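Q: Encoded as structure tokens, here's the structure I'll be asking about.
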Amino acid sequence: MTRPRVALAHDYLTQRGGAERVVLSLLKAFPDAPLYTNLYDPDGTFPEFRDARIITSGLNRVGFLRRDHRKALPLLAVSTNSLRIDADVVVASSTGWAHGFPTTGRKLVYCHSPARFLYLSEQYLGDAPVLSPARLALRALRPALIRWDQRAARSADRYLCNSSVIRQRIRDVYGIDAEVVPPPAGVRAEGDRAPVASLQDWVDEGWYQVVSRLMPYKNVQQVVEAFRGLPDKLVIIGRGPLGAELRPTLPPNVRLFEGLSDTELRWAYAHSRALIAASHEDFGLTPLEAGAFGKPCLALHAGGYLDTIAPGVNGAFFPQATPEAIRDAVAAHRGSAWDVPAILQHVDAFSEDRFIARLRAAVADLAR
């Protein structure tokens, strides 16, 4: 039997996040497949994408949109419609756009979440002012974009998703029953480690760690407030619109780092005491990353963390994303002895090999 022609698709490759790490795993599953996307910024995303055969839309010629994909919101539906993919099976990694790419063959959507900015807009925008440009633009565009998004979802032959909470969200938003295929942990313990020079003075004591995009719904501000006045140290690793606002408000026991390499991130995970995860996540990826280094996670009892954290094994929950609840969780588990082999065994259930095998099987099934 002739092997099907497989192509990959993703919304835009302009940042370093969990969804982009999943695409890197898809490239390992289908190494000969071209990768279609609206925007590609080699300096803004993971360097491994430089080895892929990437095909972009015409929108990619506009430099400032590559550097800030959010400014492309009014144009992304048209851009997506214009990039037709010739393949027997397209595997679309989607957070709101890639499921809409037209194709000559079958379409398998791996959905990280239905578009947050459309269906969870208040959570997505956070405390942005009522008359902020983001709120005004979304208010004007939302009805037309929802109609486009619903048509895009119906163009798929099969939906996969990353967690049980997203499966329910897909059912609520699209009326589609998706199969849960958990993605692998992103940063693995194997590989080189490079020290972060400005953290060397904290190495002996260790620190709690947040690894997150700096967006309102990630609740990084609440974690900072929780650590204000505590004897414990906190390291925040990530970048995003809130970075400039957060940095001047940090107390002495909190440090923020943007743009760390994976080698530096491995070193930071290895020297941390535990991960703090306070956001409403579609899939709880960072607890798996921390777990690969034998580190537990204190997480919000919500979203994808319900799938990736086994209480008492690789972490514990706090009930609300408030400074008080986070502070109480840190105090309750300060000095706890965690079973590192049990943490590592739990993480192994989310291996990349398992993910790749299930994706290949789903593509083969569609191709038949």
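The values are calculated or read from the model by the stated rules, or taken from the named source; none is laboratory data. Note that the coordinates shown come from a computational prediction; the quantities given were computed from them, not determined experimentally. Here the Cβ positions follow ideal geometry from the backbone for every residue, glycine too, while neighbour counts run over all protein chains shown.
Q: For L359, which of the numbered conditions (1) closer than 19 Å to E20 by Cα; (2) surrounded by fewer than 19 Cβ atoms within 10 Å (Cβ to Cβ); (3) not polar (S, T, N, Q) fails to hold?
A: It is condition (2) that L359 fails.
Q: Residues of segment 256-286 being assigned to a helix (DSSP H, G or I), modelled with pLDDT of 95 or more and not hydroxyl-bearing (S, T, Y), which ones?
A: E264, L265, R266, W267, A268, A270, H271
Q: I need every pair where a residue in segment 146-170 that is in the same structural domain as V90 (by TED's automatic domain parsing) and under 23 Å from L83 (Cβ atoms) has its Cβ under 6 Å from the Cβ of a residue that is at pLDDT 95 or above and among the hydroxyl-bearing types (S, T, Y), sequence separation at least 6 or different chains.
A: A153/Y174; L160/Y110
Q: Could you say whether any residue in segment 31-43 is farther than 28 Å from A361 by Cβ and either more than 21 Å from the chain's Cα centre (by Cα) or surrounded by fewer than 18 Cβ atoms within 10 Å (Cβ to Cβ) (or both)?
A: yes
Q: Something else about it: Kindly provide the set of residues from segment 192-213 that are touching a Lys or Arg at 6+ places or on another chain (Cβ under 6 Å) and in a loop (DSSP other than H, G, I, E, B), ordered by number.
A: Within segment 192-213, R193, G206, S212 qualify.
Q: Could you list, in sequence order, all residues of segment 103-124 that are within 19 Å of I146 (Cβ to Cβ) and either of a type in the set (G, A, S) or assigned to a loop (DSSP other than H, G, I, E, B) (or both)?
A: Residues satisfying the conditions are H112, S113, P114, A115, L120, S121.
Q: Moving on. Pick from segment 147-173 the residues that are under 21 Å from the mean Cα position of the chain (by Cα) and among the hydroxyl-bearing types (S, T, Y): which of them is nearest to Y110 (Cα to Cα)?
A: Ranking the qualifying residues of segment 147-173, first place goes to Y159.
Q: Can you find a residue in segment 199-219 that is over 22 Å from A302 (Cα atoms) and of a type in the set (S, T, N, Q)?
A: There is at least one residue in segment 199-219 that is over 22 Å from A302 (Cα atoms) and of a type in the set (S, T, N, Q).
Q: Working only within segment 293-316, note down all residues that are surrounded by fewer than 24 Cβ atoms within 10 Å (Cβ to Cβ) and assigned to a helix (DSSP H, G or I).
A: L306, D307, listed by residue number.
Q: Could I ask something else about it? Given G18, G63, G44, which one is under 26 Å from R116 (Cα atoms), of a type outside the set (D, E, K, R), touching a helix residue (DSSP H, G or I) at 6+ places or on another chain (Cβ under 6 Å) and assigned by TED's automatic domain parsing to the domain that holds R139?
A: None of the other options fit; the residue is G18.
Q: Kindly check whether there is at least one residue in segment 114-131 that is closer than 23 Å to G303 by Cα, surrounded by 21 or more Cβ atoms within 10 Å (Cβ to Cβ) and touching a Cys at 6+ places or on another chain (Cβ under 6 Å).
A: no
Q: Within segment 147-188, which residues are part of a loop (DSSP other than H, G, I, E, B), in contact with an Asp or Glu (Cβ under 9 Å, 6 or more places away or on another chain) and among the small types (G, A, S)?
A: S163, A185, G186
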